[in-house]
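Here the structure is laid out as structure tokens; the discussion comes afterwards.
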């Protein structure tokens with residue numbers, strides 16, 4: 001099968017995140033199964049316009065703004081019948097493929113709606129327009145297109161926007177549950193993710209400052225980078241370490257040495273890091289928000305009211321017991337294998353014929 005995947009960033013992009021990891025893993029699974037996979041994304045400084053990534057063709061054209069127009073041009077230039085399936089990866093602004101894909105099966109992968117994230121990632125009045133008009137207008141184009149989403153929370157939000165053909169497809173995970181060789185001697189918290197406003201790393205820092213009043217030898221690790229890093233470093237107390245972006249091997253090593261994972265996002269599609277932490281025996285304490293309220297209970301974690309005060313109280317309650325008796329090995333959360341995820345998406349995407357999908 002010839003598959004065209006549209007996602008405005010690829011893993012080489014400096015702002016790549018969970019959506020790009022998801023797209024990368026399913027694309028490589030399809031390539032390994034013998035499918036012809038092309039991933040269209042925006043240009044990246046220092047990266048070629050056309051390259052191969054583990055059997056997946058990466059095509060880079062356009063900017064953050066023009067990549068959507070360039071994707072349509074690429075599809076139309078390929079000619080009728082060039083692709084059997086077009087998968088539209090929606091990251092706030094969609095490619096609007098239902099308006100121009102006519103001779104291929106068409107489906108969309110929507111990790112989460114933006115909603116509250118508009119207030120964190122867009123200036124006023126753009127945030128107001130996006131939150132109350134633009135997002136609903138964009139997503140209305142997908143009302144009758146097969147849409148895949150990773151959680152019941154996201155499915156419910158998409159239903160609120162009038163989408164009707166929705167299927168929950170849980171994400172995969174790269175590692176199996178494993179034994180834990182060692183933990184830090186000091187009570188250790190870890191935050192993993194992009195240091196951006198919608199992930200609210202400042203909330204983790206404020207909660208940690210409160211926790212230190214009761215557990216003065218506690219430490220907090222930040223894994224990841226982003227626009228809020230310098231601000232966080234200026235406000236950080238002793239006991240806070242910034243590792244920046246690290247390799248997968250290093251990430252799992254640090255996760256396995258910590259006692260608790262802290263997740264403070266405004267909302268998530270799922271929150272794959274929760275399952276990654278569970279696989280190495282590290283429990284999660286997270287805000288009770290869409291996406292996390294799906295992944296965290298499935299991984300045996302704890303949800304708290306979304307505020308630094310409530311998070312600090314939860315940490316103070318959980319941390320002593322976990323430090324005294326840390327899990328010796330990991331366990332499986334709500335994630336499945338990437339092969340299962342990729343197969344489920346492909347099966348659902350081609351369940352209807354191309355003409356029907358284009359109506």
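The values are calculated or read from the model by the stated rules, or taken from the named source; none is laboratory data. Predicted model only: the values in this text are computed from it and were never measured. Neighbour counts are summed over all protein chains in view; Cβ atoms, including those assigned to glycine, are modelled from backbone coordinates with ideal geometry.
Does residue 103 satisfy being in contact (Cβ under 8 Å) with a residue 40 or more places away in the chain and assigned to a loop (DSSP other than H, G, I, E, B)? Spell out how you get there, then give the answer.
Working: in contact (Cβ under 8 Å) with a residue 40 or more places away in the chain: yes; assigned to a loop (DSSP other than H, G, I, E, B): yes.
Here the answer is yes, as residue 103 does meet what is asked.
Within segment 8-29, residues that are assigned by TED's automatic domain parsing to the domain that holds residue 52 and assigned to a helix (DSSP H, G or I) have Cβ atoms under 6 Å from residues that are modelled with pLDDT of 90 or more and surrounded by fewer than 18 Cβ atoms within 10 Å (Cβ to Cβ) in these pairs: 20/11; 24/11; 28/54; 29/339, counting only partners at least 6 apart in sequence or on another chain. The test for being assigned by TED's automatic domain parsing to the domain that holds residue 8 and assigned to a loop (DSSP other than H, G, I, E, B) holds for residue 81. Scanning segment 30-63 for residues that are within 20 Å of the chain's Cα centre (by Cα) and assigned to a helix (DSSP H, G or I) yields one hit, 30. Scanning segment 21-30 for residues that are surrounded by fewer than 21 Cβ atoms within 10 Å (Cβ to Cβ) and in contact with a strand residue (DSSP E or B) (Cβ under 7 Å, 6 or more places away or on another chain) turns up 25, 28.
Within segment 245-258, residues that are without any contact (Cβ under 8 Å) to a residue 60 or more places away in the chain sit with their Cβ atoms under 7 Å from residues that are part of a loop (DSSP other than H, G, I, E, B) and surrounded by 13 or more Cβ atoms within 10 Å (Cβ to Cβ), at 6+ positions apart or across chains, in these pairs: 245/224; 245/225. Against the test of being part of a helix (DSSP H, G or I) and crowded, with 22+ Cβ neighbours inside 10 Å, the options 134, 148, 109, 139 yield a single qualifying residue, 139.
Applying the set (1) buried (at least 18 other Cβ atoms within 10 Å of the Cβ); (2) touching a strand residue (DSSP E or B) at 6+ places or on another chain (Cβ under 7 Å) to residue 18 leaves exactly one unmet item: (2). Taken as a whole, the condition of being at pLDDT below 95, within 30 Å of residue 103 (Cα to Cα) and either buried (at least 22 other Cβ atoms within 10 Å of the Cβ) or not assigned by TED's automatic domain parsing to the domain that holds residue 196 (or both) applies to residue 353. Being in contact with a helix residue (DSSP H, G or I) (Cβ under 6 Å, 6 or more places away or on another chain) and closer than 13 Å to residue 204 by Cβ holds for only one residue in 286, 277, 299, and it is 286.
Of note, residue 64 does not satisfy the criterion of being touching a helix residue (DSSP H, G or I) at 6+ places or on another chain (Cβ under 9 Å) and surrounded by fewer than 21 Cβ atoms within 10 Å (Cβ to Cβ).
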